[in-house]
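Okay, structure first, notes after.
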Amino acid sequence: MIRRPGPPIPVRTADQLFLAAHDHDTGHLRARLHRAGMELGLAGALLAELVLDRRIDVRQGRVVLVSRAPMDDILSQTVLADIVSELQVAKQPHPVRVWLVYLGHSSVTQVRNRLCFNGILHEAPGRRRWWGGTVATYRAADISTALGPEAAVYSMLAREPASDTAVPAMTFAALADACGLLPRLAWWHEQRVGLRTRLAQLRDQLPPALRDLADHTEAAVGDAVAGRR
């Protein structure tokens, strides 16, 4: 399903992370981040969207409900509904790590589907497997839109971000770093060092909930990678 034509929809945090985590040079998406980083990074980004929209908060390592007000975005509304439902059952907020693991199971598919629904990605003719059958592939509808999040990281870390976009931009960059993507967006060692130094300065300026969310995401990715060795 594709949304009907209308005003452009803002590319949300998880969408930005998904686009930046894929190489678009070959004409179809090619992941440049390991699966644990992709799944948990996108899960963290989905939670970050709800923090930015003032629906949840992160307190003492747990996801706390702030508002049940409906969301315009279908995927965000689905995540919010899950949090509300679990709160009613468990009677207490779940730890961030529980939500990262839970959302990580379907985060790649869910975010990709949202990008397709919003017309940012298109499903391309499937590639044939050597043992038979095909596998679905996807490509960006507009390459400039697909590369926008990556360019935004360079722009934000190279100069002071505009006040109206500072927190969302810093959140995206912090999550990109947390899931191991930031080094892959830099072309040489000195550039990576510069990006990390600048990010360390900006990360401290994030609201506590978003800073804690990035920290928990980074720890979850680290544990997942270590556990698979």
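Restricting to the range 58-84, and then to whatever is open to solvent by less than 40 Å² (accessible area, probe 1.4 Å) and not hydrophobic (A, V, I, L, M, F, W, C), can you tell me which residue is nearest to the chain's Cα centre (by Cα)?
SER76
Report, by residue number, each residue of the range 25-36 that is touching a helix residue (DSSP H, G or I) at 6+ places or on another chain (Cβ under 6 Å) and surrounded by 20 or more Cβ atoms within 10 Å (Cβ to Cβ).
Selection gives ALA36 alone.
Could you list, in sequence order, the residues of the range 10-49 that are β-branched (Val, Ile, Thr) and assigned to a helix (DSSP H, G or I)?
Matches in the range 10-49: THR13 only.
If I go through the range 54-74 residue by residue, how many of them are part of a loop (DSSP other than H, G, I, E, B) and hydrophobic (A, V, I, L, M, F, W, C)?
Qualifying residue count for the region: 3.
Do we have ARG192 as over 17 Å from HIS24 (Cβ atoms), open to solvent by 60 Å² or more (accessible area, probe 1.4 Å), part of a helix (DSSP H, G or I) and at pLDDT below 85 here?
Numbers: over 17 Å from HIS24 (Cβ atoms): yes; open to solvent by 60 Å² or more (accessible area, probe 1.4 Å): yes; part of a helix (DSSP H, G or I): yes; at pLDDT below 85: yes.
Yes, satisfied.
Residue check, ALA136 against (1) at pLDDT below 95; (2) within 19 Å of GLN16 (Cα to Cα), all met but one. Which one?
(2)
Does VAL51 fit the bill of being free of Cβ contacts under 8 Å to residues at least 40 places away in the same chain, surrounded by 13 or more Cβ atoms within 10 Å (Cβ to Cβ) and in contact with a helix residue (DSSP H, G or I) (Cβ under 7 Å, 6 or more places away or on another chain)?
no
The values are calculated or read from the model by the stated rules, or taken from the named source; none is laboratory data. None of these values were measured; they are calculated from a predicted model. Methodologically, a virtual Cβ is constructed for each residue, glycine included, from the backbone with ideal geometry; neighbour enumeration extends over all protein chains shown. When the accessible area is computed, the model is the full protein with side chains, heavy atoms only, and any ligands, DNA or RNA have been set aside. Shrake-Rupley method; radii C 1.70, N 1.55, O 1.52, S 1.80 Å.
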